[in-house]
Each structure stands twice: as structure tokens, then as C-alpha cells.
RNA sequence: GGAGAGGUGCCAGAGUGGUCGAAUGGGUCUCACUGCUAAUGAGUUGACCUGGGAAACCGGGUCCGAGGGUUCAAAUCCCUCCCUCUCCGCCA
């Protein structure tokens, strides 16, 4: 074997080594060992601990979103499948407006401290490597072979590489970035399991919040990102819980991750709608992002953190179930109405045609 | 990605080579009956293309997920693809 091949192989192997979990992350052997650290519902507000008392949901809320969607003409999965295949969604009418409103709502909510970015959707191999999405998860990414570009699985990918190979000034940290993008995931091997409706998709929209920090700023930033995501859920009035991911369930690149899961009354499932992670310097090393210490003049790697705030397809699903009325119409949460021409509800078919 | 089950009219659901554009039930519409509603009884009811007709209507063709094939003959058999459902695995 040639030395060059060996070198490439060695590099490939090294790139596949995952990050070291934080000492604070709970130790576990499967996702069952994730720890519910708190939860929230509009009825009782914030609650610590893992003993969740679900709110009472009425029968008219216990209808799965895919049925509500076709009933109201706001979700057309059948035609989406015709156009692009299964697991690609298509929103219509007020359903599309609602989906858009969610992004506007989130971007505005973060505009106090985050720079809004509209990054490219297709990225180079090196960009995918920086965040840890390659080489290990090659199978899960959509790739344009002819141009050697990948469709981004999350805005984390372009946003992390925004400062690739740069040396930042400590006084400019933390840097806060937010972006609204479509996300593309092949979901290789996921056919047939929990894939109904909008539960798992090849394409969905998401607003991401991301930060570059010094190592000492990281912990506070992790809390900030988490509480921003939580604030959105509270504003939308959705019941959710916060999971501290155990070492077995932690992503490849992450040192510590909190997942936010919304309760879907129509399916009885908790749906992951946000993942807020601290990567330490794992991604910064791969992307070569450093900062010069103001005090010592030393150059160090930054830390990266990010979180979804939030992933819309699943939020959309939980919203239409949660806010469905007995007459079949769906109330629009107060905070979204200004982004929806002040429309306060999606009318039931009977009402609109009467 | 693996294994299995399916895709038939507005809906549900039979049909596994000719008698099937297609049983049956529900719904629809019409009529009858009935203070109203409901219930009941009788009847009615697929889509698209096309010829004739002012129209009511009368005729021809195509369509049982899509596309090919076998056959004198296909909803029924074979092949490819798509979609749906269940279970397992996967989920950065």
C-alpha cells in the first residue's frame, strides 16, 4: 500500500474519533438513560424533575396532524410524494403561511443579540468535515456528485465554518449568529419507523442559533441558547420537556447536549424539536477557528455551541394538534398573528365553505 | 437498510385469467311517506377522451397506484418503479 493511501486512511480514522463527553453529562448505555431535568406546560409553568403531569387534552386535540392537515387543506403530503417522494412535505395556504410565520417569529426573537445570516445551502466537503458531519455520516447527507457539494443537514454547518481559518479577537467574543435554512437529511435506513406525517422528513425548515465563545464563556452561552429555545416554546404555549443527553445518546461532536421535546397530543409522542449542544473546541479544531487572548496574547481554539430554535415541521405538527378546536378549526397562537396578516385561526372546511 | 402486508369507484371493502367498469355496505341525489328534523321504503350515483344532439339524452374508446410484458382474453399472472402500513435496525 502506498504511503499516500495510508496517510489518507489515518486521517480518515482520526476524523472519525468522536468528542469527549463533558464530565457533567450523565453516563448511560442507551437513550433510556437520558435524564429529564425539567418540563413546562402552559397550565403549570416550569417544573423541575422528571415527574411529568401531562395536561388534559380534549378528544378534538387527539387527532394526528396529518389528518388535520389534509382535512383543512393545509398539508399535502400526497402531492409532495408525487413531486419528490415520501418524507418531503408540502404546506399549502394558511399551512404554508404558518410555517413561514414561525421562522419570522424566531428570527425576530433572536434579533436582540444575534446577527441574522442567510448562508449558502450547498457546501464543500471541508465544510461538512468541520462540524463533524463527515466523514462519519456520509450516508446521511445529500450530495451533488457532479459539483462535489453537500446539501446542508443543518445551518450549524455553514455557520460554524463562517470563521474557518480565522483568528478572532477576544473582545469580539462571544459571536452570536442565527440563520433560517432548509435542512436536508437522507435519513438513511429510517423508512417505516415513526415516519408518518411530519415526524421525520428529508427536508424541513429550521432556525438555528449558534455562538463562538472563549472556553470560559461556553457554559453561560449554553444556558443562554437553551433558554432562548425554551422561551420560544413557552411563547407558543407548547408543553415540552428538557433532556440532558447521556453519554450513549450524545452526538458525535458534542460534549453535552440538551434536547427539547414537545408533546404531541395527536400522536401521544414526545417529538424532538431542538438540540442545544456544546462542542468544546472539537469543531473549532476541525475548522481551525481561534482567538487571541486579550490578556496573554496567546492563540487558542474557540468553543462552538448551537441549538435549534426551532425545527418547524414538528412544531407545526404539535401546534395544529394542540390548538385544534372542537369545530375542527385551528387557533393561531397570539405571538404568530402579526406574521400571519393578523389571522387568528385556520377555519374548518365546513365553516369556510358555509 | 432488512422482513412482512397492502394500493380497486366519494368512502369502506369483495373480486386472484373470460360472464367485471367491477359484489356488498355507507354516503350522494331523486321520489314516496311523515308537523319539521330524523327514521323508513323505492330508485339513483365513477372519471377522462370522443362522435351525434338545442337539450334531455344516445353511442364509441380508455381507466382497478404508474409503466412495461405474457395471453385469443388481465383488476386478476410476470417484471420494474412509486406510494401506504407493521416490525427490526438507524436517527449527526
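What to note about this one:
- For residue A:89, the test of being within 11 Å of RNA strand B (Cβ to nearest atom), touching a helix residue (DSSP H, G or I) at 6+ places or on another chain (Cβ under 9 Å) and either modelled with pLDDT of 95 or more or part of a strand (DSSP E or B) (or both) is failed.
- Residue-level check: of (1) surrounded by fewer than 20 Cβ atoms within 10 Å (Cβ to Cβ); (2) under 16 Å from residue A:311 (Cα atoms); (3) near RNA strand B (Cβ under 9 Å from one of its atoms), residue A:157 misses just (1).
- Restricted to the stretch A:103-195, the set of strands (runs of 3 or more DSSP E) holding at least 2 residues that are in contact (Cβ under 8 Å) with a residue 40 or more places away in the chain and over 30 Å from residue A:269 (Cβ atoms) comprises A:115-117, A:167-169, A:175-184.
- Hey, residue A:199 in contact with a strand residue (DSSP E or B) (Cβ under 8 Å, 6 or more places away or on another chain) and within 16 Å of RNA strand B (Cβ to nearest atom) or not: yes
- Members of the stretch A:265-277 found to be part of a strand (DSSP E or B) and closer than 13 Å to residue A:194 by Cα, listed by number: A:269, A:270, A:271, A:272
- Some residue of the stretch A:40-56 being surrounded by 14 or more Cβ atoms within 10 Å (Cβ to Cβ), within 16 Å of RNA strand B (Cβ to nearest atom) and over 19 Å from residue A:204 (Cα atoms): no
- With respect to being within 14 Å of RNA strand B (Cβ to nearest atom) and either over 19 Å from residue A:178 (Cα atoms) or in contact (Cβ under 8 Å) with a residue 60 or more places away in the chain (or both), residue A:295 falls outside the description.
The values are calculated or read from the model by the stated rules, or taken from the named source; none is laboratory data. If you're wondering where the values come from, they're calculated on a predicted model, not measured in any experiment. Note that each Cβ is placed from the backbone with ideal geometry, even for glycine, and that neighbours are counted across all protein chains shown.
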